Amino acid sequence: MCGIAGILNLDGAPAEASLLRGMIQVLRHRGPDDNGVYADAAVGLAHARLSIVDLSSGHQPMKNADGSLWITFNGEIFNHVELRETLARKGHVFATTSDTEVILHMYAEAGEDCVRHFNGQWAFAIWDARKRKLFLSRDRLGIRPLFYARTARTFVFGSEIKSLLMHPGVERRLDLVALSQIFTFWWCLPPRSIFQDVLALPPGHSLTVERGDIAVRRHWQIEFGIEPNGHADVGACAEQLRGLLLDATRLRLRADVPVAAHLSGGLDSAVVAAFTRKVNDTPLKTFSITFEDPELDESVFQNEAVRRLGTEHQAVHCSTEDIGREFPDVIWHTETPILRTAPAPLFRLSRLVREHGYKVVLTGEGSDEILGGYDIYKEAKIRRFWAAQPDSKLRPLLLRKLYPYMRDLQRQPDAYLKAFFRVRPQDLASPFFSHLPRWELTGKLQMFFSRDVRAALRSYDPCAELEQQLPKDYARWDPFCQAQYLEAAYLLPAYILSSQGDRVAMAHAVEGRSPFLDHRVVEFAAQLPPHLKMKVLDEKHLLKRCTTDLVPASVRRRPKQPYRAPGVSSFFRADGSGAREAYVEELLSPQRLQRDGVFDPVAVEKLVAKAKRGHTIGVKDDMAVVGILSTQLVLDRFIENFSGRAGHGAV
Amino acid sequence: MERFEHQLRKFIVENFLFGDETMPFSNEDSLLDRGLIDSTGVLELVAFLQQNFAITIADDEIVPDNLDSILGISDFVGQKLQARA
């Protein structure tokens with residue numbers, strides 16, 4: 001796992017090695033073990049290395065035997081062993097045992113289609129000197145990040161945005177459309193980033209730069225069947241899923257360093273840890289987070305899983321003060337506004353993992369998206385069921401089954417709960433039926449935008465833009481699959497795998513690997529009939545069924561509790577005595593907001609006053625505080641006071 | 001009563017609209033339908049009424065019939081105060 005960066009000067013000017021060194025230096029947290037720069041005429045590649053596979057000869061950028069191909073690579077090709085054998089039979093001669101070299105040879109063999117052979121998580125760039133072509137690719141699910149920018153004279157790319165911002169040609173300007181998307185969906189639609197000049201290469205895409213032309217092509221897409229196999233035998237499907245997950249875990253244990261695992265107390269990480277124990281009998285080290293608030297803390301289930309799985313466990317406690325204190329560093333790594341503080345405890349967790357000497361952890365990410373774990377799927381099912389008989393007295397009672405872990409929501413009187421989840425006649429035909437209550441609630445946060453920002457966005461509709469991007473068969477998919485697509489194609493790469501995944505893990509040079517994100521597992525799950533994923537209201541039904549002998553019954557049977565972290569209480573004391581940290585006061589002050597111009601100082605002042613009163617505030621206000629503060633941090637650290645180093649804002 | 005309605009309107013504008021007065025609404029408008037109050041908002045409203053008018057609102061009284069418009073709330077609170085007196 002590593003950081004990559006590079007330049008291709010379109011006007012033919014020589015790529016400056018010093019600039020490349022600056023661009024890779026800012027990614028040093030991703031790869032502290034080694035670094036390298038290759039510059040030849042107009043092209044330059046740079047690499048910061050975290051050594052995991054082939055510790056002795058995996059130095060990058062790496063070239064092929066005749067020097068006609070150069071690569072800088074971040075990630076893992078898990079099936080490199082098998083690919084190497086296939087390629088060797090075809091006459092390819094390898095100089096190292098690294099997966100990096102396998103990519104080079106596979107590219108020499110299959111060209112841009114090389115990626116179809118990979119089982120892995122990658123972001124890489126290959127300079128094809130003969131064709132004068134730069135080839136960039138990102139893995140299917142978007143596990144590893146890759147950003148690029150085109151200026152008048154240059155094409156620039158890097159693992160993180162901060163690397164691109166080190167290039168003097170890339171301007172640092174906020175993209176208001178992206179901001180509007182984040183303040184609706186939680187994430188921005190690819191290829192946008194929060195910076196106008198910086199684009200994300202979307203998951204499952206490759207990009208070429210040839211003779212000054214940039215072309216972006218899709219190499220993979222998650223496809224839900226129009227007619228999933230409704231008669232599939234549940235026993236056979238469970239067995240197949242188990243086999244795939246076991247093999248996905250086996251491949252993800254390939255490393256020349258020891259591999260640890262997360263153990264959150266939930267089903268997914270317990271399943272992964274259990275499969276790991278099955279694949280090998282070496283002791284397994286596991287890590288988790290604990291909270292003060294019993295509504296968020298999962299220690300009881302963590303301990304139970306530890307006992308049953310016999311792991312060596314280490315937990316890190318995360319207090320509200322910790323989140324408030326570390327939040328600016330977290331935003332330095334997420335490089336985007338966020339509406340929840342959930343990445344902050346994960347930032348602490350990766351530091352713990354690193355302090356214990358581990359570079360690789362197995363995780364359970366992706367399971368909720370692809371195997372039907374999220375409450376939003378359940379919510380949509382209940383709303384649709386109710387809408388079929390809107391006058392039913394009994395059907396809306398099912399709404400009480402939703403979000404049992406959310407105290408505030410459970411305190412809602414029936415009539416108001418019904419109002420929040422109500423289905424309007426026009427909603428049933430919406431491609432976003434499942435997500436409407438959530439997006440409408442989140443969209444209201446835009447009331448805090450300044451008059452100028454609201455005017456600039458007056459005619460912009462994020463949902464209309466998203467609708468343009470949907471796959472052509474989307475409308476014919478089962479509604480359950482539509483909801484799954486929105487989570488798997490957008491929320492997963494643009495928030496879960498980035499702000500809660502790669503970015504906070506790599507902040508401390510820790511690589512996450514999830515067996516659920518093996519594309520064979522994802523493709524299999526996508527074709528399963530929805531009732532095997534959520535049987536009536538039993539989430540992840542098939543996963544539970546195929547792991548009954550592996551995870552403790554208490555973990556398997558507990559109601560699903562998504563991972564959450566304290567929000568507004570991380571920034572304001574509950575006793576009404578004000579902000580915990582000086583930067584919070586400063587960035588949310590009317591003067592500062594006025595100067596920055598993104599948010600309305602009067603509205604934010606009232607919100608802050610409400611937060612300071614220390615009363616419990618609702619989900620929407622909580623998201624508003626976190627969203628506004630994180631946006632202000634992005635402005636401060638990346639636009640106004642960018643220095644290429646963490647902790648160097650004005651406040 | 002007019003003073004009460006004014007006070008209530010001020011609370012709604014300050015607390016749910018954060019001072020935004022570009023969304024005019026009448027005393028009869030449904031707070032739910034106009035999106036002026038969301039799911040947790042009603043609990044804040046109840047806390048405000050209990051605190052400011054020294055009344056107690058039971059769980060089964062937290063229904064849109066009682067609390068969904070400025071006029072409705074005004075009637076509801078009026079009855080409560082009368083019953084107490």
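Computed values, structure above
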| item | result |
| --- | --- |
| Per-residue mean of C-beta atoms belonging to partner chains within 10 Å, peptide A:62-74 | 0 |
| Exposure proxy order (Cβ contacts within 10 Å, fewest to most) of A:Asp233, A:Asp256 | A:Asp233, A:Asp256 |
| Longest DSSP-loop-exposure-free segment, GluC sites (Glu not before Pro), chain B, at most 13 other Cβ within 10 Å | B:29-85 |
| Shielding by partners - mean other protein chain Cβ count within 10 Å, residues of A:415-422 | 5 |
| Among the listed pairs A:Lys418/A:Lys540; A:Lys378/A:Lys472; A:Lys359/A:Lys533; A:Lys359/A:Lys620, those beyond 30 Å (Cα-Cα) | A:Lys359/A:Lys533; A:Lys359/A:Lys620 |
| Distant alpha-carbon pairs in the range A:13-137 (separation over 19 angstrom), percent | 45 percent |
| Loop trypsin sites (Lys or Arg not before Pro), the range A:93-145, which have at most 10 other Cβ atoms in a 10 Å radius of their Cβ (DSSP) | A:Arg130 |
| Cα principal axis extents for the range A:166-312, largest first, Å | 55, 46, 37 |
| Net charge of neighbours whose Cβ lies under 11 Å from the Cβ of A:Asp622, counting Lys and Arg as +1 and Asp and Glu as -1 | +2 |
| Gyration tensor verdict on the range A:2-218 (Cα atoms; rounded if a/c is under 1.5, prolate if a/b is larger than b/c, oblate otherwise) | prolate |
| Directionally averaged projected area (convex hull, Cα atoms, chain A), nm² | 27.8 nm² |
| Rounded to the nearest 20 debye, dipole of the range A:182-226 from Cβ charges on Lys, Arg, Asp, Glu | 40 debye |
| Inter-chain Cβ neighbour average for residues A:601-613, partner chain, 10 Å | 2 |
| Candidates per trypsin sites (Lys or Arg not before Pro) in the range A:199-249, loop by DSSP, up to 12 other Cβ within 10 Å | A:Arg211 |
| Gap separating the Cα centres of the range B:42-85 and the range A:276-336, nearest whole Å | 44 Å |
| DSSP-loop chymotrypsin sites (Phe, Trp or Tyr not before Pro) across the range A:157-265, with at most 11 other Cβ within 10 angstrom | none |
| Sequence of A:Ser630, A:Ser643 once ranked by neighbouring C-beta atoms within 10 Å, starting from the fewest | A:Ser643, A:Ser630 |
| Environment charge of A:Asp33, counting only residues whose C-beta is closer than 11 Å and scoring Lys/Arg +1, Asp/Glu -1 | +3 |
| Cβ-based charge dipole, chain A, positive-most Cα from A:Gly265, A:Ala609, A:Leu136 | A:Ala609 |
| Hits among aspartates and glutamates - C-alpha to C-alpha of A:Lys133 under 17 Å, sequence gap 8 or more where chains match | A:Asp11, A:Asp40, A:Asp66, A:Glu109, A:Glu112, A:Asp113, A:Glu210, A:Asp213 |
| Straight-distance crosslink candidates among lysines, where the alpha carbon sits under 19 Å from A:Lys131 and sequence neighbours closer than 8 are dropped | A:Lys63 |
| log10 of Debye I(q)/I(0), alpha-carbon scatterers only, for the range A:279-349 at 0.13 Å⁻¹ | -0.48 |
| Global form of the range A:213-264, assessed from the alpha-carbon gyration tensor, a/c cut-off 1.5 | oblate |
| Neighbourhood net charge (9 Å Cβ-Cβ; Lys/Arg +1, Asp/Glu -1) for A:Pro202 | +2 |
| Estimated dipole of the range A:2-218 in Debye, rounded to 20 [Cβ of Lys and Arg +1, of Asp and Glu -1, Cα centre] | 400 debye |
| Shape of the range A:19-77, Cα gyration tensor, a/c cut at 1.5 | oblate |
| Counting DSSP beta bridges with both ends in the protein assembly as shown, the antiparallel % (nearest 5) | 80 percent |
| Listed residues A:Pro390, A:His356, A:Leu593: farthest to the positive end of the dipole of the protein assembly as shown (Cβ charges) | A:His356 |
| Listed residue (B:Pro64, B:Leu17, B:Phe53) projecting farthest to the positive dipole end of the range B:2-84, Cβ model | B:Phe53 |
| Dipole moment magnitude, nearest 20 debye, the range B:2-84 about Cα centre, only Lys, Arg, Asp, Glu C-beta charged | 380 debye |
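Bear in mind that the values in this text are calculations on the coordinates, not laboratory data. Quantities reported herein were computed from a predicted structural model and do not represent experimental measurements. In this analysis, Cβ positions are derived from the backbone assuming ideal geometry, glycine residues included, and neighbour counts consider all displayed protein chains.
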